[in-house]
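Some notes on the structure that comes next.
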Amino acid sequence: MARVLSALIIGLVFGSGIALSGMANPAKVLNFFDFAGTWDPSLAFVMGGALIVTAIGYALVLKRDAPVFDRLFHLPTRRDLDFPLVAGSAVFGIGWGITGFCPGGAIPALGLGHGDAWLFVGSMVGGIAAARLARHTLATHVMAKAS
């Protein structure tokens, strides 16, 4: 129960930060990408602030032997760049640039009543399901060819 409560509090703090900084507003995000028009650099300051807080947090937390609610840290071990990583990053960036939403900003936007956020989140869930189905289908096809 403490683990779930901790995750809820962390999510509320993150969502509040996104909402207070204006990053749940897709127009503000899209203005960041509009260098030739109504450019708004505030997103860079939000990201920079988040990077500083994250760096300090990681430095402090990783000094511990284990996380508070688990027996070990689950950190990525792969360092290579593969097609799914590059393709996923490209889809994320293109989607963010077109819609003004990223998953971290879209979820708080749901609570703020942004109607477009519902369409975005629904499309995101559909895209995740389609990617999982494609990956499963591809893996099944490759396994069938190998046998």
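The values are calculated or read from the model by the stated rules, or taken from the named source; none is laboratory data. For clarity, every value in this text was computed on a predicted model and none was experimentally measured. We place every Cβ from the backbone using ideal geometry, glycine too, and count neighbours over all the protein chains shown.
For segment 27-45, the set of residues classified as under 15 Å from residue 101 (Cβ atoms) and assigned to a helix (DSSP H, G or I) consists of 27, 28, 29, 30, 31, 32, 43, listed by residue number. Within segment 28-40, residues that are in contact (Cβ under 8 Å) with a residue 24 or more places away in the chain sit with their Cβ atoms under 9 Å from residues that are aliphatic (A, V, I, L, M) and assigned to a loop (DSSP other than H, G, I, E, B), at 6+ positions apart or across chains, in these pairs: 29/23. The condition of being of a type in the set (Gly, Ala, Ser) and surrounded by 11 or more Cβ atoms within 10 Å (Cβ to Cβ) holds for residue 50. A single entry from 136, 141, 114 fulfils the requirement of being more than 17 Å from residue 30 (Cβ to Cβ) and either surrounded by 13 or more Cβ atoms within 10 Å (Cβ to Cβ) or at pLDDT 90 or above (or both): 136. The single residue among 24, 50, 19 that is of a type in the set (A, V, I, L, M, F, W, C), within 15 Å of residue 108 (Cβ to Cβ), assigned to a loop (DSSP other than H, G, I, E, B) and within 18 Å of the chain's Cα centre (by Cα) turns out to be 24.
Contact map, segment 83-110: first residue surrounded by 15 or more Cβ atoms within 10 Å (Cβ to Cβ), second residue of a type in the set (Phe, Trp, Tyr) and modelled with pLDDT of 90 or more, Cβ cut-off under 6 Å, separation 6 or more or different chains; pairs are 99/120; 101/120; 106/120. Comparison of 70, 65 shows that the only residue that is out of contact with any Leu (no Cβ under 9 Å at 6 or more places or on another chain) and either surrounded by 12 or more Cβ atoms within 10 Å (Cβ to Cβ) or part of a loop (DSSP other than H, G, I, E, B) (or both) is 70.
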